[in-house]
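Reading through the C-alpha cells given below for one structure.
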Amino acid sequence: MSKTQVRPSRDLRNNYADVVKSLKQHDHVVITNNGVGEAVLIGFEDYGRYEEFLHRQFIYDELQKSKVKMSDPNAVMHDADDVHAELEQILGTHGL
C-alpha cells in the first residue's frame, strides 16, 4: 500500500537514493520548498498506470458524450464509407 511522504526539496540533492527507494515502494513524495508544496513525485511504473487510467477515463467520458448525443432523436449516424468519402472530398478539395 502506498503512502505519501513530505520531503524538502534539498532531499532531492542530499538524499536522492532514499527518495528513489520510496518511489520504488510505490510511495508518493510531496516536495516542499520553504514548507510549501511544489511538486509530487511518483515512480515511473505508477506514472504509467496513471497515464493508462487517464486514457481510459478520457475514452469513457467521450463514450458518455456520444451516448447523450445519440439519445437525440434528430442525431444522424454516419458509417465508415460516408466518413471516408467525405475525407477524400475534403482532402482532394484542399490539394492535400
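No lab work stands behind these numbers, since they all come straight from the coordinates. Remember, predicted model here, so these are calculated numbers, not experimental data. Quick reminder, even Gly has a Cβ in these numbers, built from the backbone with ideal geometry, and neighbours come from all protein chains shown.
Total residues in segment 42-96 satisfying the condition of being under 30 Å from VAL20 (Cβ atoms) and of a type in the set (Gly, Ala, Ser): the figure is 2. Within the bounds of segment 8-24, is there any residue that is over 24 Å from the mean Cα position of the chain (by Cα), in contact (Cβ under 8 Å) with a residue 24 or more places away in the chain and surrounded by 12 or more Cβ atoms within 10 Å (Cβ to Cβ)? Yes: segment 8-24 contains one or more residues that are over 24 Å from the mean Cα position of the chain (by Cα), in contact (Cβ under 8 Å) with a residue 24 or more places away in the chain and surrounded by 12 or more Cβ atoms within 10 Å (Cβ to Cβ).
Could you tell me whether segment 5-28 includes any residue that is among the small types (Gly, Ala, Ser) and touching a His at 6+ places or on another chain (Cβ under 9 Å)? Yes, segment 5-28 contains a residue that is among the small types (Gly, Ala, Ser) and touching a His at 6+ places or on another chain (Cβ under 9 Å).
Here is a check on your reading of the model: is GLU38 charged (D, E, K, R), under 26 Å from the mean Cα position of the chain (by Cα) and either exposed (fewer than 12 other Cβ atoms within 10 Å of the Cβ) or on the phi > 0 side of the Ramachandran plot (or both)? Judged against the criteria, GLU38 is a match. Residues being acidic (Asp, Glu) and touching a residue at least 40 places away in the same chain (Cβ under 8 Å) are entirely absent from segment 69-86. With the structure loaded, tell me whether PHE44 is closer than 24 Å to VAL6 by Cα and either hydrophobic (A, V, I, L, M, F, W, C) or surrounded by 10 or more Cβ atoms within 10 Å (Cβ to Cβ) (or both) or whether it fails that test. It is true that PHE44 is closer than 24 Å to VAL6 by Cα and either hydrophobic (A, V, I, L, M, F, W, C) or surrounded by 10 or more Cβ atoms within 10 Å (Cβ to Cβ) (or both).
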